[in-house]
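What follows is a short report on a single structure.
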Amino acid sequence: MVKQEIYLDNSATTRVLPQVAAVMTTVLTGNFGNPSSLHSKGLAAERGLSEARRLLAAALSVKASEIYFTSGGTEANNLAVKGAARRRRRRGVHIVTTAIEHPSVLYAAGALEAEGFDITFLPVDARGMVDAAQVAAALRPDTILVSIMHVNNEVGSVQPVEEIGRLLKEKDRRIIFHVDAVQSFGKLPVAPARWQADLVSLSAHKIHGPKGAGALYCREGVALDFLLHGGGQEKGVRQGTENTAGIAGFAEAARLALKGREEHMKIMASLRCALLEGILDTIPGTSCNGPADAAPHILNLTVEGIKGEVLVHTLGEQGIYISTGSACHSHRPDPSHVLMGMGRTAASVESSLRFSFSPYNTMQEIDITLERLRQAVSDLRVLGRR
């Protein structure tokens with residue numbers, strides 16, 4: 001008998017909603033023209049791109065001309081970090097970020113470091129939070145870029161990006177402020193103007209849209225060096241034929257997410273609270289790794305004495321899908337840089353689990369997950385004592 005599947009790894013990716021798939025199918029089979037072509041099929045495709053651009057811009061309260069489509073959050077982050085830094089190299093070489101950023105930011109910064117840029121990787125506290133005053137204190141006369149994520153993808157800490165943006169611009173308005181909002185867009189308010197952010201990265205597949213579609217908000221007047229050479233698409237900032245079906249799906253996913261965002265946040269917060277309380281109350285030796293005011297869709301826990309990877313596989317065999325942390329690190333042997341950066345021990349990190357929720361999860365799924373997790377932990381601890 002096939003067990004009910006319960007998917008609680010929504011920070012890795014989400015299932016595409018039927019409405020999104022329907023929009024994409026229409027583009028793939030009907031409105032399939034190249035938006036750079038001058039005939040009617042191309043013009044129709046271009047109109048579809050413009051409508052998607054308009055919708056995403058409205059979601060951020062920015063101009064449509066400030067939205068550039070990419071292949072996803074990783075490319076958006078690379079374009080922002082590398083593009084902003086290289087463009088401003090004559091003015092300075094100093095970049096500030098944190099030790100718990102997504103690998104696409106950390107490795108982009110590392111690549112720039114190899115080119116001669118000077119990177120400051122700020123530490124975080126035990127809650128996974130960076131201090132805004134510490135960011136401001138790290139600024140130098142040659143600082144050209146600050147890159148801080150909004151919501152951490154492993155523990156759900158929500159960074160004080162509005163305060164950081166204010167302090168940055170008070171110090172020097174020429175410093176470019178980039179915010180990785182991949183884990184927050186469609187779930188929490190994302191407000192480039194209020195944050196005084198110059199660049200904001202987005203992704204479709206975290207909000208029940210397709211993989212392979214993302215966007216970068218780039219404030220008007222902010223110049224970037226581009227990563228790709230091609231036919232001049234996206235005003236030369238991101239060249240290459242646009243993924244019209246993916247972009248249409250992204251826009252539809254964003255429309256649905258934003259339409260129900262307040263209700264979705266309440267649902268996910270209640271799911272997170274129920275699972276957290278149930279685990280802490282009924283499974284000995286467990287602790288929460290995120291802050292009390294974490295984003296409502298991410299829960300990171302440690303189950304003392306049991307490897308997280310073992311629990312992931314044990315629950316996976318029962319149709320319950322969770323993770324030990326970022327999907328980008330799932331095949332690497334090194335421990336989570338986020339949890340290590342928060343001061344956790346290597347043993348604690350090895351025993352960590354991440355549950356990440358969708359508004360389409362149910363309380364019944366949480367009850368089943370808790371029951372099966374409790375049983376799995378009990379069984380594994382008995383085996384460990386033999």
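Listed by first and then second residue, the pairs with beta-carbon distance under 9 Å, at least 6 apart or on different chains, first residue in the stretch 33-62 and over 28 Å from ALA257 (Cβ atoms), second surrounded by fewer than 19 Cβ atoms within 10 Å (Cβ to Cβ) and of a type in the set (S, T, N, Q), are ASN34/THR241; SER36/THR241; LYS41/ASN31; LYS41/ASN34; GLY42/ASN34; GLY42/SER36; LEU43/SER37. Taken as a whole, the condition of being out of contact with any helix residue (DSSP H, G or I) (no Cβ under 9 Å at 6 or more places or on another chain) and in contact (Cβ under 8 Å) with a residue 60 or more places away in the chain applies to GLY231. Is at least one residue of the stretch 331-343 touching a helix residue (DSSP H, G or I) at 6+ places or on another chain (Cβ under 7 Å), closer than 22 Å to THR14 by Cβ and at pLDDT 95 or above? No, the stretch 331-343 contains no residue that is touching a helix residue (DSSP H, G or I) at 6+ places or on another chain (Cβ under 7 Å), closer than 22 Å to THR14 by Cβ and at pLDDT 95 or above. Being outside any loop (DSSP other than H, G, I, E, B) and within 24 Å of VAL237 (Cβ to Cβ) is a property that VAL27 has.
Between ASN10, ASN77, the distinction of being within 22 Å of the chain's Cα centre (by Cα), closer than 30 Å to GLN364 by Cα and of a type outside the set (Ser, Thr, Tyr) belongs to ASN10 only. LYS187 falls short on exactly one of the conditions (1) out of contact with any Leu (no Cβ under 6 Å at 6 or more places or on another chain); (2) closer than 19 Å to VAL105 by Cα; (3) buried (at least 24 other Cβ atoms within 10 Å of the Cβ), and that condition is (2). Taking the numbered list (1) at pLDDT below 95; (2) under 26 Å from the mean Cα position of the chain (by Cα) in turn, LEU383 passes all entries but (2). In the stretch 180-211, the qualifying residues are those that are in a loop (DSSP other than H, G, I, E, B) and of a type in the set (S, T, N, Q), and the one that is nearest to the chain's Cα centre (by Cα) is GLN183. Taken over the stretch 190-206, the criterion of being among the β-branched types (Val, Ile, Thr) and crowded, with 24+ Cβ neighbours inside 10 Å is satisfied by VAL200 alone.
Within the stretch 61-83, being part of a helix (DSSP H, G or I) and in contact with a strand residue (DSSP E or B) (Cβ under 6 Å, 6 or more places away or on another chain) holds for GLU66, GLY73, ALA76, ASN77, LEU79, ALA80, VAL81.
Among the criteria (1) free of Cβ contacts under 8 Å to residues at least 60 places away in the same chain; (2) under 17 Å from ALA294 (Cβ atoms), the one ARG166 does not fulfil is (2). Scanning the stretch 123-179 for residues that are in contact with a Leu (Cβ under 6 Å, 6 or more places away or on another chain) and assigned to a loop (DSSP other than H, G, I, E, B) yields a total of 2. Just for the stretch 305-326: of the residues that are of a type in the set (Gly, Ala, Ser) and outside any strand (DSSP E or B), which one is farthest from SER11 (Cα to Cα)? Across the stretch 305-326, the extreme among qualifying residues is GLY305. Give the stretch 84-122 a look and list any residue that's out of contact with any Ser or Thr (no Cβ under 7 Å at 6 or more places or on another chain), over 20 Å from SER184 (Cβ atoms) and assigned to a loop (DSSP other than H, G, I, E, B), or say none. If the condition is that a residue be out of contact with any Ser or Thr (no Cβ under 7 Å at 6 or more places or on another chain), over 20 Å from SER184 (Cβ atoms) and assigned to a loop (DSSP other than H, G, I, E, B), then ARG88, ARG89, ARG90, ARG91, VAL93, GLU115, GLY116, PHE117 are the ones that fit. Is there a residue being touching a Gly at 6+ places or on another chain (Cβ under 6 Å), at positive phi and at pLDDT 95 or above anywhere in the stretch 72-79? The answer is yes, given that some residue of the stretch 72-79 is touching a Gly at 6+ places or on another chain (Cβ under 6 Å), at positive phi and at pLDDT 95 or above.
Put simply, of ARG87, ARG15, ARG47 the only residue that is modelled with pLDDT of 95 or more and surrounded by fewer than 15 Cβ atoms within 10 Å (Cβ to Cβ) is ARG15.
Examine the stretch 279-293 for a residue that is farther than 30 Å from PHE32 by Cβ and surrounded by 23 or more Cβ atoms within 10 Å (Cβ to Cβ), and state whether such a residue exists. Yes; the residues of the stretch 279-293 include at least one that is farther than 30 Å from PHE32 by Cβ and surrounded by 23 or more Cβ atoms within 10 Å (Cβ to Cβ). Among the residues of the stretch 245-304, those that are among the β-branched types (Val, Ile, Thr), part of a helix (DSSP H, G or I) and either modelled with pLDDT under 95 or touching a strand residue (DSSP E or B) at 6+ places or on another chain (Cβ under 9 Å) (or both) comprise ILE247, ILE279. Of the listed requirements (1) out of contact with any Asp or Glu (no Cβ under 8 Å at 6 or more places or on another chain); (2) in contact (Cβ under 8 Å) with a residue 12 or more places away in the chain; (3) charged (D, E, K, R), GLU371 misses just one: (2). Going by the structure shown, is THR324 surrounded by fewer than 14 Cβ atoms within 10 Å (Cβ to Cβ) and at pLDDT below 95? So THR324 fails the test.
The values are calculated or read from the model by the stated rules, or taken from the named source; none is laboratory data. All of these numbers come straight from a predicted model, not from anything done at the bench. Virtual Cβ from ideal backbone geometry, glycine too; neighbours counted across all protein chains shown.
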